[in-house]
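> Let me give you the structure first, and then I'll get to my questions.
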Amino acid sequence: MLIAQLSDMHLRPEGQLLYDRIDTAAYLERAVAHVLKLDPRPDVVIMTGDLVEAGKPEEYARLRRLIAPLPMAVYVIPGNHDARESLRAAFADQGYFPASGFLQYTVEDLPIRLIALDTVVEGKGYGALCTERLAWLEARLAEQTDKPAMLFMHHPPFDCGIETFDKSRLMEGDDRLAELVRSHPNVERATCGHVHRPIQVRWAGTVASIAPSTAHQATLDLHEHSALTMMMEPPAIALHQWRPGTGLVTHVSYIGDFDGPKPFRKM
């Protein structure tokens, strides 16, 4: 089974560019086309937050139009740029969001169980998992202790070395989240967005990862007190392949027209 992870699309309304210069809609169109060309094609798509820039209904309507060509199931969660109720309304017909409260849910009909977490703190850039959200997760993890599971959320629960994002990661509930994951070894992966870079780390007895953005990337600046800047590095998605006997194997798939494929050696 193959899971495509798209993250941090930051869509604006029709006719508007992000920061007056980045056409994030065109980047998302390319990402969707990229997913459709993959062979084998992903079985499911997850989108890990900052789907739009300002949480406006017209931005979510545009998002729905742009991802409509995807024939597989698409599951989304909010990031700090999203608005919980506007997102709920925009995807109400998909049937996986709860009718009220936090946008947390599970996907049960795959070889690996998907558990979506809502880390949004309204009006803030950082993330949190309150006692209610953590209690929900604890109950879900207790339901199936043998089936492999994958958590997906927006804010990473670990430091990545880029100071601005380390100050706006999952700042509340991160210790309890780590305790829950550590006590459930069937959690194969916790995957996130927010940082606009591909990152992996050993965390809470499992592997945690961050997917790059489908548009602009954060500058890889590991200096202390670094400023938040961006680089127009190639956009990319993460591909998580479930391999029985091995677990989740993750690849970064770059979006663009590149020379190849060609053999390593002359035939």
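Just so you know, all these numbers are worked out from the coordinates, no wet-lab data involved. Predicted, not measured: the structure shown is a model, and the values here were computed from it. Note that we place each Cβ from the backbone using ideal geometry, even for glycine, and neighbour counts take in every protein chain shown.
> Setting aside same-chain residues fewer than 8 positions from K37, which lysines have a Cα under 24 Å from its Cα?
K262
> Just to confirm my numbers, what's the Cα centroid distance between the range 20-52 and the range 63-133 in Å?
Using only Cα atoms, the two centres lie 16 Å from each other.
> Just order 208-221, 130-143 by mean Cβ neighbour count inside 10 Å, highest at the front, would you?
Most protected by this proxy first, the peptides run 208-221, 130-143.
> Sticking to Cα atoms, compute the Rg of the chain to one decimal and its Dmax as the biggest Cα-Cα distance, whole number, in Å.
17.8, 61
> Of the peptides 90-102, 107-119, how do they stack up when ordered by the mean number of other Cβ atoms within 10 Å, highest first?
Per-residue mean Cβ counts within 10 Å order the peptides as 107-119, 90-102.
> May I pose another question? According to a simple spin-label model (label point 7 Å from Cα along Cα-to-Cβ), what is the distance in nm between V121 and T164?
Spacing of the two 7 Å Cα→Cβ label points: 1.9 nm.
> I've got another one for you. Report, ordered by chain and residue number, the lysines lying within cross-link reach of K124, taken as a straight Cα distance under 25 Å and ignoring same-chain residues fewer than 8 apart.
Excluding near neighbours in sequence, the set is K56, K167.
> Within the set of other residues whose C-beta is less than 13 Å from the C-beta of N186, count the net charge using Lys and Arg as +1 and Asp and Glu as -1.
Cβ neighbours under 13 Å give a net charge of +2.
> Still on this structure: Pick out which of M47, M230, M153 has the largest mean-square fluctuation in a Gaussian network model of the chain, springs linking Cα atoms closer than 10 Å.
Answer for the Gaussian network model of the chain: M230.
> Taking the DSSP beta bridges in the range 2-254 as the whole, what percent of them are antiparallel, to the nearest 5?
Beta bridges within the range 2-254, antiparallel portion: roughly 50 percent.
> Over 5 Å intervals from 0, what percent of Cα-Cα pairs in the range 162-237 sits in each interval?
The percentages, shortest bin first, are 3, 15, 21, 23, 17, 12, 7, 2.
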